[in-house]
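*Asks:* Sending over a structure as structure tokens; questions will come in a sec.
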Amino acid sequence: MTITTLPDRVAAQAGATRPVSLRERLQDLLPKIVLAPSFVAVIVFVYGFILWTVYLSFTNSKTFPNYNLTGTRAYERLWGWTFESDPPSSWYTSITNLGTFGVLYIGLCMALGLLLAILLDQKIRGEGILRPIYLYPMALSFIVTGVAWKWFLDPGLGLEKTLHAWGWESFHFDWIKNKDRVIYTVVIAGVWQASGFVMAMFLAGLRGIDSEIMKAAQIDGATTVQLYRRIVIPMLRPIFLSAFIVLAHMAIKSYDLVVALTSGGPGGSAWLPSNFMYEYTFKRNEMAVGSASAVIMLMTISAIIVPYLYSELREKGR
Amino acid sequence: MKSIVKVFAGALLASTVMTGASLAQTKEVQMLHWWTSGGEAAALNVLKQDLAKEGYGWKDVPVAGGGGDAAMTALKAMVAAGNYPTASQMLGYTVLDYAEAGVMGDLTETAKKEGWDKVVPAPLQKFSVYKGKWVAAPVNVHSVNWLWINKAVMDKIGGTEPKTFDDFVALLDKAKKAGVIPLALGGQSWQEATMFDSIVLSTGGADFYKKAFNDLDEASLKSDTMKKAFDNLGKLKAYVDPNYSGRDWNLATAMVIKGDALVQVMGDWAKGEFVAAKKAPGTDFLCYRFPGTDGTVIYNSDMFGMFNVPADRRAAQAALATATLSKSFQSAFNVVKGSVPARTDVPDTAFDACGKKGIADLKSASEKNTLFGSLAQGYGAPPAVANAYKDVVTKFVHDQIKTSDEAVKQLVKAIADAK
Amino acid sequence: MSTASSSAEGRSTLDRVVIYGLLGLFAAFYLIPLFVMLVTSFKPMDEIQSGNMLALPRDPTIEPWMKAWGEACVGLTCAGIKGYFWNSTKMVVPAVAISTVLGALNGYVLTKWRFRGHKVVFGLMLFACFIPFQAVLLPMATILGSLGRFGNDLQDLIGTSLGFGNPTVNLVIVHVVYGLGFTTLFFRNYYEAFPTELVKAAQVDGASFFQIFWRIMLPNSAPIFVVTVIYQFTNIWNDFLFASAYAGSGDVMPMTVALNNVVNTSTGVVEYNVNMAAAIIAALPTLFVYVVAGRYFVRGLMAGAVKG
Amino acid sequence: MAFLEIAGLKKRFGNVEILKGIDITLDKGGFLVLVGPSGCGKSTLLNTIAGLETITSGEIRVEGTPINGLHPSKRDIAMVFQSYALYPNMTVAQNIGFALEMRGVAKADRDKAIADVAKTLQISHLLDRKPSQLSGGQRQRVAMGRALVRNPRIFLFDEPLSNLDAKLRVDMRTEIKRLHQTTGATIVYVTHDQIEAMTLATKIAVLKDGELQQVGTPAEIYNRPANLFVADFMGNPAMNLMEASVVSEGGRTLLSLTRSGDNDIRLPVPASASSQGLDGRKVILGIRPEAITDRDGADRNASAVEVVESLVEVVEPAGSDTFVVTHIAGKEVTARMRADADVKAGSRLPFAFNLDKAVLFDPGTGRRI
């Protein structure tokens, strides 16, 4: 072989002796300089505040932050409430509701979103009209639509009354007044709001599938149902994941939904953890408990999101 | 790049122009409140005009929603930022909390000059005076233990004023038989607890109420009397319509106004609704004390908490406080709001029959020391306790707590926990 | 572009009927609240109280709309909600513009100018999307307060606060900070699939960091711009929590706070028709954006936003 | 002094060494082809010359001046990418003119330069189109136009033909060769296609696993591969590589190749290798298919032709030639016969080995002896 290695160091120095101007050095640093403000902002305003919240959860802060560490009383109280199911503590209600709400909300949004996307993807005339109809709820805040939903679900005003007036006297739908069912009305309104967005994601995914694969499957004799079940839906896997992340974060952050629709529900039976946190921090002046519940919420979120982030970034990054 | 620069420059420019307004701050009061409905806004406008006569502007910071919840959140954020408003609408223990945090101003000078100590009932001063310093100007006194009855319905069923709890139940029965909804209730925790305040007073009497709900005496809380009060609450629950859950209080009032329901147990702010609907006391509706509570007043009071603003804004603040406690404003405002003046020397001439009764009751209760803070309304105990109390009541009403035994147990535990 | 629809011709009419039937049914479900709001907003009050909420107005009136627009009380000022469009606009436009441009720059750096640890940086920024806003309300207020005092010092020193402490600017800061996670995510995923060779070619052609961004990346980012702008615009326009806490006073109050003050009054007869009209008026910009840009929204999602 | 000098260049990503010390020089007007299997580091090497990737150590000089550390735009290079990397938002004219614009060339001069280049490449009629409206071949031309318009010191090509179909690829190859000859440009060209390398290059550098295997003219690389890898990689069909042992018989040093079920073959040691010290060693005999022919097809000027009879296993007529596969020393050995050679599978045939063209390798080190 002909390779003759020059002494590395000498070569490197030869490169370095050329004066590097300040301008060039700046040019090299530019990407980091550009990213830095955002990064610093996130570190301070998100992670700094998370630390602050964690700290407060170990104090006995009441109305205002108090910086004397006093131990884990807030967590002990939450822990105690976690198992108080009869009568249910507000915390117990909140976390069990989050379970019910989270599963149904994410599940139904995905199912409905996927169904609508598949239906819309059948070369539908009027897609241009239907698509915004499914999407528009995302554009409205719940301050706007909460009242309308509240009416519609109220047996004395809405659907039940209307159907009675139309002659269906036996119709009965009073979930919003029922402490065991009220959370399902929150699910209905939530699904109404977010499923269009999920539909758009799936629609984008469907449109992105190589049509040759579809043709191949049809030539292979797959029926439409088989085609979707065996080929298309498995290919949408990355979208399921994205949709899951988007929905999970919306589910965990859901707050105004509950307030606008149910004002907390009969006996506080519609509370979600974010309502709990807001109540204790701002209304009950038990900031330590509120902070502790926020910490637990964040830990729950991390338990879902961090593994996802880890696998995503590991796989994809070069 | 250019257009990014433009956006930034635009934002900067816009903001520099806007901050020019801060010079005017010394001649205006910044007022945080949640009185945004037509009637309330009209009442506050009186104050605004009074101040305008003195040469002070009014910077309105209205944040409605949740009976002041949103406003209190905004206030907390403003205080955390160090941007104290001149004044904020506040309730009971919240004033003391903020005073303890050292962010409240000092109105003592004005108070001395105007002799507030003598005309404002002592129980109110517990909340408006912190460590000898006046920190808040009470605007009104609401009383909670009222019945609001539709007179037409009352006449139709041939009812008379109930004097005891049993009378009340009998009256409700009559209404039920006549096919009207006997009791209009909004199934939200604060409304249920507000009604329960009256029930406890009626069931246990004045001393019991004070011991249990103001002193948080554990023996009283777990006494049989409390258990009986829960039983009574359970009885009343049988007279509400099935759709009561989650209903706003003013919708419940509207049921009484329209004659769909006979009676609502609610604070005197309900009268504002009757007035707004052009109904007159005695002819269209009746106001009775909750049976068995005559002579005693469970109150709450809207106060304007005054914040520790820089010296150059204090003149405006003092002017606001003076105007708030002026007899003319107290009269004009409370006529509209349904409440009674926070000072006992305001002539009752402008008030209707219910208002006159309210003023007289307040005066006598104040003299007899039977003026008690409402626990449901945040005047009986700090918010943590009050809300724990509301939790238990609402869970009882909505069958999550099934027996009065269990309710008492939960109440004791919840209050101990929150203390 | 895709799908089994190539065989649609061969399918029976029954299939089409079922498909259209389902789509129509769901469209009805999605439209109910809007329908309720619309019909209510055209009814006089007595008709609302006595009638059926789903019925068309017997006696339609535009009075509620006039009132919501020009007379409804937002606190002590009873001049309707028309004035608050400008408050919201001057806050939303810079917040959307800045957060979108920053997101684009971040995405550009994180995909095309990678450095050691870029994944960690991205992960940290993405996780930031998930923080509950209620938890940051108070610490953020403290920081904004310090900025405000800094602004006052500047005011004394150089005669202008440069916007520090101004409530509108504060809201812009807040929305930019908490929007960064999503905008960065959107752009990063989009630029991830953006051919790196274009960037290399531009480098060889002599374009600088910003020239490449400006001349090559941005002109080819229209789809993701649409998604990001729509997402940010609706979120920021609809925000109530921050708006009420940091900009509650009448002269800077954004639309949502004003609307809340109209709708959420706790006393007096609730004028549902006015409330509904006000709600629809307040939502017009976001509705407009979704309806007009809906097509591009799906296209933009296709172009990469959903892949991650 | 050479025009382009790459000295001791190393490149490391984390713990992985991508380039392990590369030394290459290229004269002005030369056409250097970097060739090797995928992952060998040839594209990385090209990118370091372009300045698109930093180097860990070493130096790159152009006309004696180090350019490593310089921003790509300051190196006076132009590059044609595999995917062409045309800016989708710009027209063809804007694409070609972009680099000039970045360098602040006045619009009028720019337009003239664009028009000239477009004329040279016969794409004048496409100037107003967007890249998405072009065919693959047209895009390729635009990409070249973008490089040409700059008139840089060095052109870099990163597998520019790999996205074209076979016919177009051959045409463009010719075009590039012509461009090189008419402009006298200095070119560094990356490909994995050894035919492209042979046809285009004035100098070939073969890389494998970040190491330079051999640098030389196409003929040197083809005829005198430095090691087994180069021998195997360059040429199609590949060079026949057979194990042999060196034996002394009758004062002659001969190569002995075993055959299963047949007698061993004895061949003289090729002239390219000195036979000294070989005695008794195992070697690998490398001989290209065109050096194994039928008896009549053997080179008449060759000094050492040996004829060996062997069993024909497969016959592959390729039109211009016929390839015949037999089995020697446990390996398939391909021979190249005339197109009309009358050969049948299963028959025994005399094969003429032209040992002038053969080389020997050390089986331990893989290097040529």
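*Asks:* Can you list the helices (runs of 4 or more DSSP H) lying wholly within the stretch C:200-288 that have 1 or more residues being within 30 Å of B:Gly272 (Cβ to Cβ)? So that I can check it myself, show each step before the final result.
*Replies:* Working: elements: C:222-238, C:241-246, C:255-263.
Once the helices (runs of 4 or more DSSP H) in the stretch C:200-288 are filtered for at least 1 residues that are within 30 Å of B:Gly272 (Cβ to Cβ), what remains is C:241-246, C:255-263.
*Asks:* Restricted to the stretch D:158-208, and to residues that are of a type in the set (A, V, I, L, M) and without any contact (Cβ under 8 Å) to a residue 12 or more places away in the chain, which residue is farthest from D:Asp27 (Cα to Cα)? Before the answer, list the steps.
*Replies:* Step one: list which residues in the stretch D:158-208 are of a type in the set (A, V, I, L, M), which gives D:161, D:164, D:166, D:168, D:170, D:172, D:176, D:179, D:185, D:187-188, D:190, D:195, D:197-198, D:200-201, D:204-207.
Cutting the leftovers down to without any contact (Cβ under 8 Å) to a residue 12 or more places away in the chain gives us D:166, D:170.
On the way: D:Ala166: 31, D:Val170: 26 Å.
Among residues in the stretch D:158-208 that are of a type in the set (A, V, I, L, M) and without any contact (Cβ under 8 Å) to a residue 12 or more places away in the chain, the one farthest from D:Asp27 (Cα to Cα) is D:Ala166.
*Asks:* Please state which one of B:Thr225, B:Thr283 is touching a residue at least 12 places away in the same chain (Cβ under 8 Å) and outside any loop (DSSP other than H, G, I, E, B).
*Replies:* Working: B:Thr283 fails: outside any loop (DSSP other than H, G, I, E, B).
None of the others qualify; the one that does is B:Thr225.
*Asks:* Could you check how many residues of the stretch B:47-92 are at positive phi and more than 7 Å from chain C (Cβ to nearest Cβ)?
*Replies:* Step one: list which residues in the stretch B:47-92 are at positive phi, which gives B:55, B:65-68, B:82, B:92.
Subset that is more than 7 Å from chain C (Cβ to nearest Cβ): B:55, B:66, B:68, B:92.
Here the count works out to 4.
*Asks:* List the number of the failed condition for D:Leu126; all other conditions in (1) under 24 Å from D:Val230 (Cα atoms); (2) more than 14 Å from chain C (Cβ to nearest Cβ); (3) surrounded by 19 or more Cβ atoms within 10 Å (Cβ to Cβ) hold.
*Replies:* That leaves (1) as the condition not met.
*Asks:* Scan the stretch B:84-99 and tell me whether some residue there is surrounded by fewer than 22 Cβ atoms within 10 Å (Cβ to Cβ) and more than 26 Å from B:Gly380 (Cβ to Cβ).
*Replies:* Checked against the condition, which is being surrounded by fewer than 22 Cβ atoms within 10 Å (Cβ to Cβ) and more than 26 Å from B:Gly380 (Cβ to Cβ), the stretch B:84-99 yields no hits at all.
*Asks:* List, please: which pairs have Cβ atoms under 9 Å, are six or more places apart or on different chains, and start with a residue in the stretch A:128-149 that is more than 7 Å from chain C (Cβ to nearest Cβ) and touching a residue at least 60 places away in the same chain (Cβ under 8 Å) and end with one that is in a helix (DSSP H, G or I) and not hydrophobic (A, V, I, L, M, F, W, C)?
*Replies:* Partner pairs satisfying both residue conditions: A:Phe142/A:Gln193; A:Phe142/A:Asp256; A:Phe142/C:Asn238; A:Gly146/A:Asp256.
*Asks:* Here are the criteria: (1) surrounded by fewer than 23 Cβ atoms within 10 Å (Cβ to Cβ); (2) touching a Leu at 6+ places or on another chain (Cβ under 9 Å). Tell me which single one B:Ala254 does not satisfy.
*Replies:* It is condition (2) that B:Ala254 fails.
*Asks:* Has the stretch A:98-117 got at least one residue that is closer than 30 Å to A:Leu236 by Cβ, out of contact with any Cys (no Cβ under 9 Å at 6 or more places or on another chain), facing another protein chain (nearest Cβ under 9 Å) and touching a residue at least 60 places away in the same chain (Cβ under 8 Å)?
*Replies:* Start the filter on the stretch A:98-117 by keeping residues that are closer than 30 Å to A:Leu236 by Cβ, which leaves A:98-117.
Among the residues that remain, those that are also out of contact with any Cys (no Cβ under 9 Å at 6 or more places or on another chain) are: A:98-117.
Still in the running and facing another protein chain (nearest Cβ under 9 Å): A:112, A:115-116.
Filter again for touching a residue at least 60 places away in the same chain (Cβ under 8 Å), leaving A:112, A:116.
Taking every residue of the stretch A:98-117 in turn, at least one turns out to be closer than 30 Å to A:Leu236 by Cβ, out of contact with any Cys (no Cβ under 9 Å at 6 or more places or on another chain), facing another protein chain (nearest Cβ under 9 Å) and touching a residue at least 60 places away in the same chain (Cβ under 8 Å).
*Asks:* At least 2 residues that are at pLDDT below 85, more than 26 Å from the chain's Cα centre (by Cα) and surrounded by fewer than 20 Cβ atoms within 10 Å (Cβ to Cβ) in each: list the helices (runs of 4 or more DSSP H) lying fully within the stretch C:1-112 that qualify. Steps first, please.
*Replies:* On the way: elements: C:13-41, C:45-50, C:63-70, C:84-112.
It comes to C:13-41, C:45-50.
*Asks:* In addition: Go through A:Thr63, A:Thr100 for me and flag whichever is on the phi < 0 side of the Ramachandran plot, of a type in the set (Val, Ile, Thr) and at pLDDT below 90. Steps first, answer last, please.
*Replies:* Details: A:Thr100 fails: at pLDDT below 90.
Among A:Thr63, A:Thr100, only A:Thr63 is on the phi < 0 side of the Ramachandran plot, of a type in the set (Val, Ile, Thr) and at pLDDT below 90.
*Asks:* Picking from C:Gly300, C:Gly294, C:Gly250, C:Gly304, which residue would you name as being modelled with pLDDT under 90 and at positive phi?
*Replies:* That would be C:Gly304, the only listed residue that is modelled with pLDDT under 90 and at positive phi.
*Asks:* Every residue in the stretch C:236-260 that is out of contact with any helix residue (DSSP H, G or I) (no Cβ under 7 Å at 6 or more places or on another chain) and either within 19 Å of A:Tyr255 (Cβ to Cβ) or more than 7 Å from every other protein chain (Cβ to nearest Cβ) (or both), please.
*Replies:* If the condition is that a residue be out of contact with any helix residue (DSSP H, G or I) (no Cβ under 7 Å at 6 or more places or on another chain) and either within 19 Å of A:Tyr255 (Cβ to Cβ) or more than 7 Å from every other protein chain (Cβ to nearest Cβ) (or both), then C:Asp251 is the only one that fits.
*Asks:* Also, quick follow-up: Taking the stretch A:177-235, which residues are in contact with a Pro (Cβ under 9 Å, 6 or more places away or on another chain) and either more than 9 Å from every other protein chain (Cβ to nearest Cβ) or not polar (S, T, N, Q) (or both)? Steps first, answer last, please.
*Replies:* Initially, the stretch A:177-235 is screened for residues in contact with a Pro (Cβ under 9 Å, 6 or more places away or on another chain), giving A:177-179, A:182, A:189, A:192-197, A:205.
Selection gives A:Lys177, A:Lys179, A:Val182, A:Ala189, A:Trp192, A:Gln193, A:Ala194, A:Gly196, A:Phe197, A:Gly205.
*Asks:* Same structure, new question: Look through C:Arg215, C:Arg188 and report the one residue that is at negative phi, more than 14 Å from the chain's Cα centre (by Cα), among the basic types (Lys, Arg) and within 11 Å of chain D (Cβ to nearest Cβ).
*Replies:* On the way: C:Arg188 fails: within 11 Å of chain D (Cβ to nearest Cβ).
Selected residue: C:Arg215, the only one of C:Arg215, C:Arg188 that is at negative phi, more than 14 Å from the chain's Cα centre (by Cα), among the basic types (Lys, Arg) and within 11 Å of chain D (Cβ to nearest Cβ).
*Asks:* Working carefully through the options A:Val289, A:Val295, find the one that is assigned to a helix (DSSP H, G or I) and over 24 Å from A:Asp86 (Cβ atoms). So that I can check it myself, show each step before the final result.
*Replies:* Working: A:Val289 fails: over 24 Å from A:Asp86 (Cβ atoms).
Going through A:Val289, A:Val295 in turn, just one is assigned to a helix (DSSP H, G or I) and over 24 Å from A:Asp86 (Cβ atoms): A:Val295.
*Asks:* Quick one: which strands (runs of 3 or more DSSP E) lie wholly within the stretch D:1-78 and hold at least 2 residues that are surrounded by 18 or more Cβ atoms within 10 Å (Cβ to Cβ) and in contact with an Asp or Glu (Cβ under 7 Å, 6 or more places away or on another chain)?
*Replies:* Of the strands (runs of 3 or more DSSP E) lying wholly inside the stretch D:1-78, those with at least 2 residues that are surrounded by 18 or more Cβ atoms within 10 Å (Cβ to Cβ) and in contact with an Asp or Glu (Cβ under 7 Å, 6 or more places away or on another chain) span D:4-13, D:57-62.
*Asks:* Let me ask something else. If you take the residues in the stretch C:261-281 that are among the small types (Gly, Ala, Ser) and within 22 Å of C:Leu54 (Cα to Cα), which one is farthest from the other protein chains (Cβ to nearest Cβ)?
*Replies:* Filtering the stretch C:261-281 down to residues among the small types (Gly, Ala, Ser) leaves C:266, C:268, C:277-279.
This time we only want the ones that are within 22 Å of C:Leu54 (Cα to Cα), so: C:277-279.
Working: C:Ala277: 11, C:Ala278: 9, C:Ala279: 4 Å.
Restricting to residues being among the small types (Gly, Ala, Ser) and within 22 Å of C:Leu54 (Cα to Cα), the top hit is C:Ala277.
*Asks:* Separate question: Determine which single condition A:Glu212 fails, assuming it passes every other condition in (1) over 30 Å from the mean Cα position of the chain (by Cα); (2) within 29 Å of C:Arg16 (Cα to Cα); (3) crowded, with 18+ Cβ neighbours inside 10 Å.
*Replies:* It fails just one condition, (3).
*Asks:* Something else: Quick one: B:Val335 ticks every box in (1) at pLDDT 90 or above; (2) β-branched (Val, Ile, Thr); (3) surrounded by 18 or more Cβ atoms within 10 Å (Cβ to Cβ) bar one, so which box is it?
*Replies:* (1)
*Asks:* Could you check B:Trp35 against (1) at pLDDT 90 or above; (2) outside any helix (DSSP H, G or I) and say which number it fails?
*Replies:* Status for B:Trp35: all satisfied but (1).
*Asks:* If you go through the stretch B:372-382 one residue at a time, do you hit one that is facing chain A (nearest Cβ under 8 Å), surrounded by fewer than 23 Cβ atoms within 10 Å (Cβ to Cβ) and under 22 Å from the mean Cα position of the chain (by Cα)?
*Replies:* Let us first name the residues in the stretch B:372-382 that are facing chain A (nearest Cβ under 8 Å), namely B:382.
Adding the requirement that they be surrounded by fewer than 23 Cβ atoms within 10 Å (Cβ to Cβ) leaves B:382.
Narrowing further to those that are under 22 Å from the mean Cα position of the chain (by Cα): B:382.
Within the stretch B:372-382, one or more residues are facing chain A (nearest Cβ under 8 Å), surrounded by fewer than 23 Cβ atoms within 10 Å (Cβ to Cβ) and under 22 Å from the mean Cα position of the chain (by Cα).
*Asks:* I would also like to ask the following. Only one residue in A:Leu130, A:Leu78, A:Leu119, A:Leu69 is exposed (fewer than 15 other Cβ atoms within 10 Å of the Cβ) and modelled with pLDDT under 95, so which one is that?
*Replies:* Working: A:Leu130 fails: exposed (fewer than 15 other Cβ atoms within 10 Å of the Cβ); A:Leu78 fails: exposed (fewer than 15 other Cβ atoms within 10 Å of the Cβ); A:Leu119 fails: exposed (fewer than 15 other Cβ atoms within 10 Å of the Cβ).
Step by step, each of A:Leu130, A:Leu78, A:Leu119, A:Leu69 is checked, and only A:Leu69 is exposed (fewer than 15 other Cβ atoms within 10 Å of the Cβ) and modelled with pLDDT under 95.
*Asks:* Let me ask something else about it. Counting only residues that are polar (S, T, N, Q) and farther than 16 Å from B:Val393 by Cα, which one in the stretch B:224-260 is farthest from the other protein chains (Cβ to nearest Cβ)? Don't jump to the end; show me each part of the working.
*Replies:* Of the residues in the stretch B:224-260, the ones polar (S, T, N, Q) are B:225, B:232, B:243, B:245, B:250, B:253.
Cutting the leftovers down to farther than 16 Å from B:Val393 by Cα gives us B:243, B:250, B:253.
Numbers: B:Asn243: 4, B:Asn250: 6, B:Thr253: 9 Å.
The selected residue is B:Thr253.
*Asks:* Still on this model: Would you point out the residue of the stretch D:192-249, among those that are within 12 Å of chain A (Cβ to nearest Cβ) and small (Gly, Ala, Ser), that is nearest to D:Leu360 (Cα to Cα)?
*Replies:* D:Ala226
*Asks:* Quick check, is B:Thr36 under 16 Å from C:Pro167 (Cβ atoms), surrounded by 24 or more Cβ atoms within 10 Å (Cβ to Cβ) and either more than 23 Å from the chain's Cα centre (by Cα) or polar (S, T, N, Q) (or both)?
*Replies:* Working: under 16 Å from C:Pro167 (Cβ atoms): no; surrounded by 24 or more Cβ atoms within 10 Å (Cβ to Cβ): yes; either more than 23 Å from the chain's Cα centre (by Cα) or polar (S, T, N, Q) (or both): yes.
It is false that B:Thr36 is under 16 Å from C:Pro167 (Cβ atoms), surrounded by 24 or more Cβ atoms within 10 Å (Cβ to Cβ) and either more than 23 Å from the chain's Cα centre (by Cα) or polar (S, T, N, Q) (or both).
*Asks:* Can you tell me which residue among B:Thr322, B:Thr394, B:Thr349 is among the β-branched types (Val, Ile, Thr), outside the structural domain of B:Gly187 (by TED's automatic domain parsing), at pLDDT 90 or above and assigned to a helix (DSSP H, G or I)?
*Replies:* Values: B:Thr394 fails: outside the structural domain of B:Gly187 (by TED's automatic domain parsing); B:Thr349 fails: assigned to a helix (DSSP H, G or I).
Going through B:Thr322, B:Thr394, B:Thr349 in turn, just one is among the β-branched types (Val, Ile, Thr), outside the structural domain of B:Gly187 (by TED's automatic domain parsing), at pLDDT 90 or above and assigned to a helix (DSSP H, G or I): B:Thr322.
*Asks:* Kindly indicate whether any position in the stretch B:321-329 is farther than 21 Å from B:Gly92 by Cβ, buried (at least 21 other Cβ atoms within 10 Å of the Cβ) and touching a strand residue (DSSP E or B) at 6+ places or on another chain (Cβ under 8 Å). Let's see the steps before the verdict.
*Replies:* Residues of the stretch B:321-329 that are farther than 21 Å from B:Gly92 by Cβ, as a first pass: B:322-323, B:326-329.
If we keep only those that are buried (at least 21 other Cβ atoms within 10 Å of the Cβ) as well, we get B:323, B:329.
Subset that is touching a strand residue (DSSP E or B) at 6+ places or on another chain (Cβ under 8 Å): none.
Checking the stretch B:321-329: not a single residue is farther than 21 Å from B:Gly92 by Cβ, buried (at least 21 other Cβ atoms within 10 Å of the Cβ) and touching a strand residue (DSSP E or B) at 6+ places or on another chain (Cβ under 8 Å).
The values are calculated or read from the model by the stated rules, or taken from the named source; none is laboratory data. Note that the structure is a prediction, hence the values are computed from the model and not measured. Positions of Cβ are generated from backbone atoms using ideal geometry, with glycine treated the same way; all protein chains shown enter the neighbour counts.
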